[in-house]
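As structure tokens, the structure follows; a few thoughts come after it.
The values are calculated or read from the model by the stated rules, or taken from the named source; none is laboratory data. What you see is a predicted model, and the numbers here were worked out from it, not measured in a lab. Neighbour counts are summed over all protein chains in view; Cβ atoms, including those assigned to glycine, are modelled from backbone coordinates with ideal geometry. Side chains included, ligands, DNA and RNA excluded: accessible areas come from the protein's heavy atoms. Shrake-Rupley method; radii C 1.70, N 1.55, O 1.52, S 1.80 Å.
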Amino acid sequence: MNSCRICAGPLDEFLDLGRQPLSDAFRLPNDTRDEFFFELRVGLCRSCTMVQLIDEVPREHMFHEDYPYHSSGSSAMREHFTGTARYLLDTELRGPDAFAVELGCNDGVMLRTISEAGVRHLGVEPSGGVARLARGKGIRVRTAFFEEETARDIAATEGRADVVYAANTLCHIPYLDSVFRGLDAVLKPTGVFVFEDPYLGDIVDRTAFDQIYDEHYYFFTARSVRDLARRHGFELVDVRRLPVHGGEVRYTLARAGQREPSPAVAELLAEERTRRLHELDTLRSFASRVETVRADLVALLERLRAEGSRVVAYGATAKSATVTNFCGIGTELIPFVCDTTPAKQGRLTPGAHIPVRESAEFAAPYPDYALLFAWNHAAEIMSNERDFRASGGKWILYVPDVHIV
Ligand code: DWN
Ligand code: SAH
Ligand code: ZN
């Protein structure tokens with residue numbers, strides 16, 4: 001029996017997405033040997049309810065100099081993080097000599113606004129390339145993995161923080177014991193830890209199984225976060241649902257007894273109880289809907305190929321590694337995928353080896369259908385690519401089910 005990374009309790013496996021590559025390892029066309037693969041399986045802890053991967057990929061394989069994801073690549077996300085920074089400035093960062101720390105600051109999409117407001121800050125980012133992009137914007141960044149040792153060093157050299165913030169990063173870190181000891185070391189007694197990650201409730205509602213890949217180790221809920229926080233002397237004092245990345249929750253943790261929990265916490269906990277989110281049956285029926293999406297998507301792409309339609313994909317997301325490798329979708333069904341990220345262009349997608357081309361090739365000429373891997377950015381992409389629809393093109397989506405728009 002596998003055991004929980006948080007509490008060592010028994011894990012019940014409910015989904016097996018098979019042999020998978022590193023989701024962000026885009027290879028050069030002549031360099032596809034020695035690809036790293038692992039088993040992508042997901043389990044629920046019977047004791048603390050944390051949903052988590054069963055196999056752990058070594059962190060240096062994922063987060064390094066060439067990590068290709070640039071957070072500033074979407075205008076909707078730039079707006080989201082500008083708003084987040086303003087919120088932190090207006091709430092936690094109002095005191096004299098306020099200090100903010102961000103884990104996984106990537107290219108500085110959030111800290112840019114904090115830095116421009118003249119507020120003391122530090123990003124902690126292990127991926128050297130994106131950390132350099134952030135520094136280029138005048139942001140202070142340490143190239144390091146956040147863990148206890150890093151946090152102690154920050155507290156000793158820079159002082160303690162009013163807020164530690166992390167977006168789409170805490171769920172990437174298996175070793176949360178060390179992270180929480182670090183938070184305890186680096187936060188002021190009244191300081192808070194604010195983090196946002198994909199919400200298990202939305203993943204289940206939308207059958208968004210592509211949120212599951214190597215980098216996403218944990219799938220949080222109010223219940224599992226409340227229990228995790230308690231183990232480390234913290235308390236869940238606020239939750240807020242966010243529309244970004246297909247549905248997330250922003251959690252606020254304070255030291256136990258420091259802040260009155262907002263009513264939203266009890267409300268979300270009650271909702272999770274009512275919908276039986278932490279019961280194995282619920283997660284097993286999610287897993288069976290995942291099988292339906294796979295069958296429907298493959299059947300649609302095969303039918304379109306048989307009819308002679310041209311289909312390309314849009315957005316070489318980390319998420320799409322799970323889709324292509326789980327469904328067995330390769331170049332015979334999708335000849336290429338367009339993406340605006342220079343570090344992905346001219347390369348092959350992990351495992352499936354679909355070439356990544358620049359977005360200009362999307363229109364040269366338009367395909368009959370476009371499979372939207374970046375479905376979480378649908379509004380932005382469909383509005384930028386209005387002419388595709390106007391020319392008779394159609395989008396294929398597979399969230400919450402396979403459909404054409
Ligand atoms: O958690 C994570 C999130 C925040 O980012 C990381 N583990 C990795 C990454 O996941 P992802 O690759 O699934 O994220 P996105 O934001 O869905 O990726 C969008 C992709 O689509 C990027 O490669 C950029 C591209 N794109 C594009 O080509 N044209 C995006 C937009 C908005 C566009 O207009
Ligand atoms: N916050 C950004 C980036 C998310 S991608 C956004 O929301 O768009 C996840 C980021 O976490 C990557 O940049 C990765 O390098 C970083 N990361 C991974 N492990 C980390 C750790 N232990 N400490 C700090 N950052 C980490
Ligand atoms: Zn557990």
Out of the trypsin sites (Lys or Arg not before Pro) in region 1-71, which ones are loop residues according to DSSP with at most 13 other C-beta atoms within 10 Å? Arg33
Mind checking the angle between helix 75-91 and the chain's longest principal axis? C-alpha axes, 0 to 90 degrees, to the nearest 10. 10
Rel. contact order, % - alpha carbon contacts under 8 angstrom, at least six apart, region 152-262: 28
On a straight-distance basis, which lysines could pair with Lys319 in a cross-link, Cα separation under 26 angstrom, same-chain partners fewer than 8 positions away excluded? Lys344, Lys394
Report, in debye and to the nearest 20, how large the dipole of region 71-275 comes out about its Cα centre when Lys and Arg carry +1 and Asp and Glu carry -1 on their Cβ. 380
Name the residue from Leu176, Val290, Thr322 whose Cα lies farthest towards the positive end of the charge dipole of the chain, charges +1 on Cβ of Lys and Arg and -1 on Cβ of Asp and Glu. Leu176
Going by average Cβ neighbours within 10 Å, how do the peptides 373-379, 214-220, 135-141 rank, with the highest at the top? 214-220, 373-379, 135-141
Cα gyration tensor of region 173-225, axes a ≥ b ≥ c as square roots of the eigenvalues: rounded (a/c below 1.5), prolate (a/b > b/c) or oblate? prolate
Any chance you could give the angle, 0 to 90 degrees and rounded to 10, that helix 280-306 forms with the longest Cα principal axis of the chain? 30
Karplus-derived 3J(HN,Hα) from phi for region 180-189 (6.51 cos²θ - 1.76 cosθ + 1.60, θ = phi - 60°), whole Hz, x at Gly and Pro, runs 5, 4, x, 4, 4, 6, 9, 8, 4, x
With N set to the residue count of the chain, report its C-alpha Rg divided by 2.2 N^0.38 Å to two decimal places. 0.98
Extending each Cα 7 Å along its Cβ direction at Glu271 and Thr157, get the distance between those two points in nm, one decimal. 4.2
Mind ordering 348-356, 200-208 by average Cβ neighbours within 10 Å, highest first? 348-356, 200-208
Roughly how many Å is it from the Cα centre of region 108-145 to that of region 346-377, as a whole number? 30
Using the beta-carbon distance between Asp55 and Ser288 and R0 = 30 Å, what value does 1/(1 + (r/R0)^6) give for FRET efficiency, to the nearest 0.05? 0.85
Restricting region 1-44 to GluC sites (Glu not before Pro) in coil, as DSSP defines it, with at most 14 other Cβ within 10 Å: Glu35
Please work out the FRET efficiency for the pair Asp205 and Glu358, using the Cβ-Cβ distance as r and a Förster radius of 45 Å; give the result to the nearest 0.05. 0.85
Go through the chain and flag any cysteine with no other cysteine's C-beta closer than 4.7 Å, please. Cys105, Cys171, Cys327, Cys338
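Sort Asp296, Asp66, Asp24 by accessible area with a 1.4 Å probe, largest first.
The most accessible residue leads, giving Asp66, Asp296, Asp24.
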Label point 7 Å beyond Cα of Glu302 along Cβ direction - residues of region 321-345 with amide nitrogen under 17 Å: 324-334
Percentage relative contact order, the chain, counting C-alpha pairs under 8 Å, at least six apart: 15
What's the FRET efficiency of Ser47 with Arg94 using the Cβ-Cβ distance as r and R₀ = 30 Å, to the nearest 0.05? 0.15
Accessible surface, region 64-133, averaged per residue in Å² (probe 1.4 Å): 40
Solvent-accessible area, 1.4 Å probe, carbon plus sulfur percent, for the chain: 47
Per-bin percent of Cα-Cα distances, region 282-404 [5 Å]: 2, 11, 22, 25, 21, 12, 4, 2, 0
By how many degrees, between 0 and 90 and to the nearest 10, does the Cα long axis of helix 222-231 differ from the longest principal axis of the chain? 40
For region 29-34, 3J(HN,Hα) per residue [Karplus equation, 6.51 cos²θ - 1.76 cosθ + 1.60, θ = phi - 60°, Hz, x = Gly/Pro]: x, 9, 9, 10, 7, 6
